[in-house]
1. Are there trypsin sites (Lys or Arg not before Pro) in the range 78-171 that DSSP marks as loop and that have at most 12 other Cβ atoms within 10 Å, and which are they?
2. Per residue and in cubic angstrom, what volume does the convex hull of the Cα atoms of the range 82-157 have?
3. Let's test the formula: R0 of 25 Å, r as the Cβ-Cβ distance of Glu165 and Arg129. What FRET efficiency results, to the nearest 0.05?
4. Provide the gained length on full extension for the span Gln249 to Ser8, in nm with one decimal, where the gain is 0.36 nm per separating residue minus the Cα-Cα distance.
5. Report the Rg/Rh value for the chain, based on alpha-carbon coordinates and the Kirkwood definition of Rh.
6. 222 nm [θ] for the chain, helices only, -39500 (n - 2.57) per DSSP H run of 4+, per residue, to 500?
7. Applying 1/(1 + (r/R0)^6) with R0 = 51 Å to the Cβ-Cβ distance of Arg233 and Arg92, what FRET efficiency is obtained, to the nearest 0.05?
8. Put +1 on the Cβ of each Lys and Arg and -1 on the Cβ of each Asp and Glu in the chain; which of Leu247, Ala135, Val55 then has its Cα farthest toward the positive end of the dipole?
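The values are calculated or read from the model by the stated rules, or taken from the named source; none is laboratory data. The shown structure was predicted, so the numbers you read here are calculated from the model rather than taken from an experiment. When we count neighbours, we look across all protein chains shown, and the Cβ atoms used for this are built from the backbone with ideal geometry, even at glycine. Heavy atoms of the whole protein, side chains included, go into the accessibility calculation; ligands, DNA and RNA do not. Shrake-Rupley method; radii C 1.70, N 1.55, O 1.52, S 1.80 Å.
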Amino acid sequence: MFGGQLRSLHLSNLNIPSRRLHNILRACPNLRSARITQNLTCYGEEVESFPVVVVMPHLRSLRLRGSRAMQFLLENVRTPTLSRLDVEWDQRNDCVTLFPYLEAFLSQSPSVEELILRDVIPTEDALIRLITNNAHITRLVITMSWGPEYVITDRTFELLTFQEEYRVLPQLDKLVIHGGLDVKDELIAAMIASRSEPPLLSGSQAPTGTGLNHVLLSRRIPMASDVVAELERRYPGASISGGKRFLYQA
């Protein structure tokens, strides 16, 4: 089968130079989905840049797992219609090294709606830049299994709380965060309320989209029972559970 006929590509435990991967992707311009897992033995490879950028106009779903050599793909591949991006880095230092390249890649992928980040966020400032610059995201999943104990604090949730004139991720429907959380219970509840109710003033514009319908937060400290009870009173039709895995399902 010729590469142009492929619609899906899964490369597992990849241990080849960047140039060969570049050639493979150039030969498969009609892919709809791709999963690329890089073998850790590639970590010491010299990252290359290429004069020809690979444009994949039909790619809708992309899963990347690897380390520093993934810089090649972020720099040399364009996915203008990508709607789902799932990224996981294997080395702790890759968070800092690769995050600017991930930001640039997302800026060239304006159709991404679902963003899954596994051990990718280096700092809260980096996360704030990401959610501020990618307003089209509707489903955001963040996993943090190592790195700083707390990366996501009150600052992020204050930003996610709708204000009169300033709204970050206005179409957010699903928010899942595993690890790295240090946020006051009241701020979590306020964020949910701001995205689940109509504007306070009649002249305000309603949020675009259907509102926030799913929140799952894995925390070290369970949410206070009185905050959970208030949410249950406020949203009797929602499924709400406290504990260290807080769930809100509208």
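1. Arg92
2. 81
3. 0.80
4. Working it through step by step, the gained length comes to 83.5 nm.
5. Result: Rg/Rh = 1.02.
6. The helix-only estimate for the chain comes to -8000 deg cm²/dmol at 222 nm.
7. Computed FRET efficiency for Arg233 and Arg92 comes out at 0.75.
8. In the chain, that residue is Val55.
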